[in-house]
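See structure below.
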Amino acid sequence: MEAVPARARAYVACTVLGALLCLLPLPGTHTPWWAVALLAGLYACCEQAAARWRFAGTFYPVLLAGAFLLPPPAAALVALPGALLSRVHQRPRRTRRIWRAAQLVLAVWAASRVHWSLGGRDAVVASDFPYVLVPAGAAVLVFCLALTALDGGIRALAEGVPLRRAWRGLFVRSLAPVAVHGLAGLMMAVLWRSPYGPVAALLVLLPMCVSWWAFAQSHRERAAHQATIRALVQAVDIKDEYTRGHSERVGQASMMIARELGLDEGRTEVLRFAGILHDVGKLGVPTRLLRKDGPLTPEERRVIELHPEYGHEMVRGIGFLGEARAAVLHHHERLDGSGYPYGLVGTQIPESARVVAVADAFDAMTSTRSYRRARPVPVALEELQRCAGSQFDPRMVTALVRALGRHGWHPSVTAQEQPHVPAPAAPVADRPKAHR
């Protein structure tokens, strides 16, 4: 939502209006307002602590405890201060805060409404196990559905994600953690209504905070992985100044192909890493060869053709890369067997490598290099389609064409301007195998 489209602003406005309607009955609601204030303050403190200690996600147990303890308008109010005061790192910050507050108000209100409709309040007061789990489970399910429904909508309208993919995987990924938070919230609510009171209920948060900290550690580990990848790519960019930015663009194109193929988010992320790291082996190639303006000799070409194997050796021990390692090794293979380093044929070439090969060739053609100017996107796509079946996997080429038709492409010039540019290069299929 860096630059929020008009349709996304309208969507946010409708969500805010819905949240205000949920809060409208507050003046006539009979509820212990001290409990509302305590839960709202507790939730706000949890959000501030999460931002300070760089935890990931939102701390839902307090919100769900409010849904189990309070009438729907009062429960929805619990989310408001914490969401509006939360730290936001991406712009526009105010719009993001308002959006998140409205989203949580609607989700908590819906969860509380379902919980009370199923008699959950009486079950909590009477500690009626196991029946208390039924309305609580239904409320957690509705809470999760509301969040994912609203998230999918904003992805489609603000980020341009196609409707058929905007909600894909959101509910499944969020259900398990929300269910765990819901169980903690139910324990808080039951203890709150017990003779031990709110103090005992707050003790439930201690083990939840420990588990949240453990999750944050894994999030930090992932951030460290990405920092490692960025450092490797920056090293390649410094060494090969004519292809600066190429790795990131290949990663983006690989991700577009993966999404068009309908791959899950986990594999899509791995293929993005594969695209970003595909040329990391150039760190082992002499700089004079990478920056050479003229044609390569056969011996020089053989040296450059070693870069996939160098790259594979460099990333082989990085466990989280998964199948990206195969893409680094095999992204210069060709379907007809004339590629390198091993001359694999057809489906012998890993799928990840076939994706990256198309993304790599596309960005190479649409970026200016030391030996030729960039080609227009339509010309590059025609060339890919012409070479589909011999050099490239037709399925990957078709996926890229469709993805670009939806989202477009904005290639950037990665080489310094040259005083003289040679005649246009030969078509992809006829160029030397070791394109740089």
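The values are calculated or read from the model by the stated rules, or taken from the named source; none is laboratory data. As the structure is a prediction and not an experimental result, all values here were calculated from the model. Ideal geometry is used to build each Cβ from the backbone, glycine not excepted, and the neighbour counts take in all protein chains shown. For the accessible areas, the whole protein counts, side chains as well, though only heavy atoms, and no ligand, DNA or RNA atoms are used. Shrake-Rupley method; radii C 1.70, N 1.55, O 1.52, S 1.80 Å.
So the values come out like this:
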item	result
Computed [θ] at 222 nm, deg cm²/dmol, the chain (DSSP H ≥ 4; -39,500 (n - 2.57); rounded to nearest 500)	-21000 deg cm²/dmol
For the range 1-127: rounded, prolate or oblate by the Cα gyration tensor [a/c cutoff 1.5]	oblate
Surface share of carbon and sulfur [accessible, 1.4 angstrom probe, percent] for the chain	62
Axial C-alpha extent at least 27 Å, average Kyte-Doolittle at least -0.5 - helices from the chain (DSSP)	33-52, 93-117, 133-158, 170-193, 205-239
Of (1) 0.99; (2) 1.22; (3) 1.30, the label for Cα Rg over 2.2 N^0.38 Å derived from the coordinates	(2)
Order by protection proxy (mean Cβ within 10 Å, highest first), peptides 271-280, 151-160	271-280, 151-160
The chain, accessible area per residue, ligands and nucleic acids excluded (1.4 Å, Å²)	46
Rounded, prolate or oblate (a/c below 1.5 giving rounded, otherwise prolate when a/b exceeds b/c) for the range 302-342 by Cα gyration tensor	oblate
Spatial separation of Cα centroids for the range 300-360 and the range 91-156, in angstrom	47
For Phe392, residues with placed amide H under 5 Å, excluding near neighbours	Leu335
Shape of the range 257-307, Cα gyration tensor, a/c cut at 1.5	prolate
Relative packing of peptides 87-97, 339-349 - highest average C-beta neighbours within 10 Å first	339-349, 87-97
Dipole magnitude (debye, nearest 20) for the range 1-139, charges at Cβ of Lys, Arg, Asp, Glu	800
